[in-house]
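For reference, the structure is listed below as structure tokens.
The values are calculated or read from the model by the stated rules, or taken from the named source; none is laboratory data. All values derive from a computational prediction rather than experimental measurement. Cβ coordinates were reconstructed from backbone atoms using ideal geometry, including for glycine residues, and neighbour counts include every protein chain displayed. Surface accessibility is based on the protein's heavy atoms, side chains included, excluding ligands, DNA and RNA. Shrake-Rupley method; radii C 1.70, N 1.55, O 1.52, S 1.80 Å.
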Amino acid sequence: MWWSSGFRSLAFATALVAVAVPLAGCSFSPVYGGAGALAGQQTLALNYAEPSGRLEQIIYQELRLRLGSSEAPDAPKARVTVVSVATDPTLAETNTILMNDARRVMVTANLTITRPGEARPLTITRVATADYVSTNQVLAANAAADEAAERAAKAVAESLRLALLADLSR
């Protein structure tokens, strides 16, 4: 009866301690995204201009979240200009069958970073598109167009962030 209830409990407790002690020094954090990834992420501490529209506001918010911000007078100044155009993709694509109410929003954003003491600013341009379906109901059509433009603005912000980090890593 060496495998009695007391011995099993002792063996289980010993095994639990043997596994728990080495893992006590480990920490778990998400690989992609999450607060742990943001804590270790490179921050640039840019001084952002005031947005002049909703799409610029979205891009500034995304860049602030991912890159950091600073109000210091010697921080690099970041300015974004956005142009949004809604198109009908069925007019340009003759070989594809699309719904008659299919629409596309194209958002073009220019990010200009001016560093104090440097004569030439860094300018990055990125474009993103988002598709949506328009309806005969004006409110629904406007809401769909706005939502597609916001999706495209978030995609542009991510593309600008990656382009900026790539440029700085050279």
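Less than 5 angstrom separates the built amide H of residue 47 from those of 70, 77, 78, all sequence-distant by 5 or more or on a different chain. On full extension, the segment bounded by residue 18 and residue 127 gains 33.8 nm, given 0.36 nm per residue less the C-alpha separation. Ordering 139, 149, 168 by the projection of their Cα atoms onto the charge dipole of segment 127-170, which places +1 on the Cβ of Lys and Arg and -1 on the Cβ of Asp and Glu, puts 168 at the extreme positive end. Rounded, prolate or oblate: pick one for segment 50-170, where a ≥ b ≥ c are the square roots of the eigenvalues of its C-alpha gyration tensor, a/c under 1.5 means rounded, and failing that, prolate if a/b is larger than b/c, else oblate. Taking the square roots of the gyration eigenvalues as a ≥ b ≥ c, segment 50-170 is prolate.
Kindly sort 118, 71 by accessible area of their heavy atoms, largest first, with the probe set to 1.4 Å.
Per-residue accessible area, sorted high to low, gives 71, 118.
Taking Lys and Arg as +1 and Asp and Glu as -1, the other residues whose beta-carbon sits under 12 Å from that of residue 76 total +1.
Can you check what the net charge comes to around residue 106, using other residues whose Cβ is under 13 Å from the Cβ of residue 106 (Lys, Arg +1; Asp, Glu -1)? That works out to +2. Would you mind counting up the charge near residue 116? Only other residues with Cβ under 15 Å from its Cβ, with Lys and Arg at +1 and Asp and Glu at -1. Its environment carries a net charge of +1.
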